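The values are calculated or read from the model by the stated rules, or taken from the named source; none is laboratory data. If you're wondering where the values come from, they're calculated on a predicted model, not measured in any experiment. Ideal geometry is used to build each Cβ from the backbone, glycine not excepted, and the neighbour counts take in all protein chains shown. When the accessible area is computed, the model is the full protein with side chains, heavy atoms only, and any ligands, DNA or RNA have been set aside. Shrake-Rupley method; radii C 1.70, N 1.55, O 1.52, S 1.80 Å.
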Amino acid sequence: MYPTSLTQLARGNPFSAPLFSLQKVEEPQQSLHGQRTRRLAAAATADEGDSCEFGSQKYFILCGFGGILSCGTTHTAAVPLDLVKCRMQVSPDKYKSIGNGFAVTLREDGVRGLAKGWAPTFIGYSMQGLCKFGFYEVFKIFYSDLLGEENTYLWRTSLYLAASASAEFFADIALAPMEACKVRIQTQPGYANTLRECAPKMYAEEGLWAFYKGVVPLWMRQIPYTMMKFACFERTVEMFYKYVVPKPRSECSKPEQLVVTFVAGYIAGVFCAIVSHPADSVVSVLNKEKGSTAVQVLKRLGPKGVWKGLIARIIMIGTLTALQWFIYDSVKVYFRLPRPPPPEMPESLKKKLGLTE
């Protein structure tokens, strides 16, 4: 029997909410480079019916493709709401509410005006989705290998947080240029109506920096957002199968599993919107104004100003997040990618905790 402190640590650990499970596997003693290697059980062999192994190159490529579909299509579909939200953030005196924002936009720009910025939105968020979901899967396995099987189980939500933050760091670098163009098109009337007009004009006026000056605020907005998006989603899915769904996930049909995915995604999206909204307000204003810094914009907006447009963003992000998880999971189902079930404690850890003889 191991000391009771170990038992208390495992039972009291606040970061104990995984979605993927690890099962005990034999580890090779040495790699080709003389170092011990660890692999997730699901990565060792593909289950019957799976099209590839968990963690294989094909798996990562298809996960990235799922990210492109999930983020690119959903953000493009939400362009009208995103446009009104951005205008409420940068011009609150003119666009006083969601309804008023739509009415003013329709009166001044017509129905076509609601689609302003769709091209940079589609391109930018497709690239972001590729990096966000693809790199998330890569970092999840990489950090799990570093932690080992038992520590991955004990600190699995910490692993999700670290993997999603790492993935989003690179995803925002891919997104920043198109996000800058999108905000200029949507919030500066007369500046440019299309991406083909906007990008060359920005480069001629401010150089390459024009496309990346918003990357730090993007990190401030998107990294907490993505950490919440993945960690909250994983915990919610686990709780659903534990307390709400009346049967194990293995007995649920694929459509039933996707319904759980959608609902859990919407719940996660609400929390994502709240956590990341202040930084989103700074990004919107920063990309509209020349020569301003994130700190200057934050001071000028103040504690109240950074929350302008929150309701619109909750509606938009909640719906987007739910649809993104639904599309991403549907891609995994369609291509028969491995989808590990809810977690089970490794047998070796059960023995250490005295849970088995």
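With respect to the conditions (1) open to solvent by 80 Å² or more (accessible area, probe 1.4 Å); (2) modelled with pLDDT under 85; (3) within 27 Å of the chain's Cα centre (by Cα), residue 41 falls short on a single one, namely (1).
Of the residues making up the range 166-176, those that are open to solvent by 20 Å² or more (accessible area, probe 1.4 Å) and either within 19 Å of residue 230 (Cα to Cα) or of a type outside the set (A, V, I, L, M, F, W, C) (or both) are 166, 169, 170. For the range 151-170, the condition holds for at least one residue, the condition being that it is in contact with an Asp or Glu (Cβ under 8 Å, 6 or more places away or on another chain), of a type in the set (Phe, Trp, Tyr) and more than 26 Å from residue 76 (Cβ to Cβ).
Let's see how each residue does on (1) touching a His at 6+ places or on another chain (Cβ under 6 Å); (2) free of Cβ contacts under 8 Å to residues at least 24 places away in the same chain; (3) among the basic types (Lys, Arg); (4) at positive phi:
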residue: 306; (1), (2), (3), (4): no, no, no, no
residue: 311; (1), (2), (3), (4): no, no, no, no
residue: 317; (1), (2), (3), (4): no, no, no, no
residue: 326; (1), (2), (3), (4): no, no, no, no
residue: 334; (1), (2), (3), (4): no, yes, no, no
residue: 341; (1), (2), (3), (4): no, no, no, no
residue: 350; (1), (2), (3), (4): no, yes, yes, no
residue: 353; (1), (2), (3), (4): no, no, no, no
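Among all positions in the range 339-353, there is at least one residue which is among the basic types (Lys, Arg) and open to solvent by 70 Å² or more (accessible area, probe 1.4 Å). Only helices (runs of 4 or more DSSP H) whose full extent lies in the range 55-154 are considered here, and none of them has at least 2 residues that are open to solvent by 50 Å² or more (accessible area, probe 1.4 Å), in contact with a Pro (Cβ under 8 Å, 6 or more places away or on another chain) and of a type in the set (S, T, N, Q). Just so you know, in the range 299-309 the residues that are basic (Lys, Arg) and more than 23 Å from the chain's Cα centre (by Cα) include one that is surrounded by the fewest Cβ atoms within 10 Å (Cβ to Cβ), and it is 304. Would you point out the residue of the range 286-340, among those that are among the hydroxyl-bearing types (Ser, Thr, Tyr) and modelled with pLDDT of 80 or more, that is farthest from residue 250 (Cα to Cα)? Applying the filter and picking the extreme gives 319. Of the numbered criteria (1) free of Cβ contacts under 8 Å to residues at least 12 places away in the same chain; (2) more than 30 Å from residue 94 (Cα to Cα), the one residue 192 fails is (2).
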